[in-house]
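Only the coordinates and a few stated rules stand behind these numbers; no lab work does. Remember, predicted model here, so these are calculated numbers, not experimental data. Here the Cβ is made from the backbone with ideal geometry for all residues, glycine too, and neighbour counts use every protein chain on show.
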Amino acid sequence: MADATQAPPSDAVTSPVDTSTPSVARMYDFYLGGKDNFAVDREAVRQLDAAAPGTAALAINNRRFLQRAVRTLAAEYGVRQFIDHGSGLPTQDNVHQIAQGVDPASRVVYIDNDPIVLAHGRALLAENSNTAVVQADMRDTEAVFAHPEVTRLIDLDRPVAALFVSVLHCVPDSDDPAGLVARVFDRLPSGSFLVLSHLASDDPAVRKQLTDFMLTSTGGSWGCVRPPAQIETFLEGLDVLEPGLVEISTWRPDPAFAGPEQTSLEWIEYGGVARKP
Ligand SMILES: C[S@@+](CC[C@H](N)C(=O)[O-])C[C@H]1O[C@@H](n2cnc3c(N)ncnc32)[C@H](O)[C@@H]1O
């Protein structure tokens, strides 16, 4: 990307960061020990922890899952291109650092609609010409795939890993998350991969409680916690790799990317990796 010497892309002027309403990106940053969050985000996390005490471990385990999946795809499946939808704020061991640790030529595009991600991502990536951060609404597949940084870095004739990690629960049913995944995979060649995790519960009362909490906290900028069976429909037409869709802390454990014990299972991150045949 985004060589610092290049003219800023057209989306460089973004909406200002709203510090009066909690943001999912900044709440998650706080859970991961980051500093790019505000008092409203920390207060929302405090309330969420009171309602669902296992959420801090869940957030860290989700990030470790993302890191294991990227490392697995780069090291074992030879993937060299990654589009990270809903990438979140930069933290340690980001997708490009893991993928480029396997092959420095690996290309990564981060997509997020929160302006704070663009600001911090650009600073982190100023020297990395194989990586870009794009502010876009991932639901607008057309705009994402037409973005100059995506067309510059991603070769659609070669396999791509499309990451939707802990983000599709931000998309309400009315915006058709399954259709979003399908649109992306229509554009990607055979041999491409989906990395997915999603907040899930089998208990309708838990789903309602946590969905209501997140919708209220974010002023409606959220989707819903879903039952695992609905999340499975997002992978239609793809072949799921072993061990299947699971509570993500149990997905291909690796001591190099291990998280805390997942103590609370009232809601989980449910996910795995699948391949386009
Ligand atoms: C919980 S964080 C997950 C970050 C990262 N994927 C991970 O799992 O470590 C969800 C991120 O998705 C972003 N997001 C939510 N809805 C989005 C949308 N429609 N388009 C782009 N990004 C979105 C949020 O701003 C936030 O940064």
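Would you kindly state how much longer the chain becomes between T233 and F145 on full extension, computed as 0.36 nm times their sequence separation minus their alpha carbon distance, in nm to one decimal?
Fully extending the segment from T233 to F145 adds 29.3 nm.
Can you put R63, R187, R71 in order, fewest other beta carbons within 10 Å first?
Numbers: R63 25, R187 15, R71 20.
Lowest count first: R187, R71, R63.
Could you give me the ³J(HN,Hα) list for region 107-113, computed from phi with Karplus coefficients 6.51, -1.76, 1.60 and θ = phi - 60°, whole Hz, x at Gly and Pro?
10, 9, 10, 9, 10, 8, 9
Compute the longest continuous run of the chain that contains no exposed GluC sites (Glu not before Pro); treat a site as exposed when its DSSP state is not H, G, I, E or B and it has at most 13 other Cβ atoms within 10 Å.
1-126
I need the calculated FRET efficiency for the pair D212 and V240, taking r as the beta carbon distance and R₀ as 30 Å, to the nearest 0.05.
Working: r = 31 Å, r/R0 = 1.03.
Calculated transfer efficiency: 0.45.
To check you understand DSSP bridge types, tell me what percent of the beta bridges within the chain (both residues inside) are antiparallel, rounded to 5. Walk me through the numbers on the way to the answer.
Values: 12 of 32 bridges.
Restricted to the chain, the bridges split so that about 40 percent are antiparallel.
Given H placed 1.01 Å from N in the peptide plane, which residues other than close sequence neighbours of V133 have an amide H under 5 Å from its amide H?
Result for V133 returns Y110.
Taking the beta-carbon count within 10 Å as an exposure proxy, list I268, I154 from fewest neighbours to most.
On the way: I268 25, I154 20.
Fewest-to-most ranking of I268, I154: I154, I268.
Taking all pairs of different Cα atoms in the chain, averaging 1/r and flipping that mean, what Kirkwood radius in angstroms comes out?
Values: mean 1/r = 0.0534 Å⁻¹.
Result for the chain stands at 18.7 Å.
As a footprinting exposure proxy, order R252, R26 by other Cβ within 10 Å, with the fewest listed first.
On the way: R252 18, R26 26.
Ordered by Cβ neighbours within 10 Å, fewest first: R252, R26.
Return a whole-number percent for the relative contact order of the chain, with Cα pairs under 8 Å and 6 or more residues apart as the contact set.
Details: 506 pairs, mean separation 59.8, N = 277.
Relative contact order here is 22 percent.
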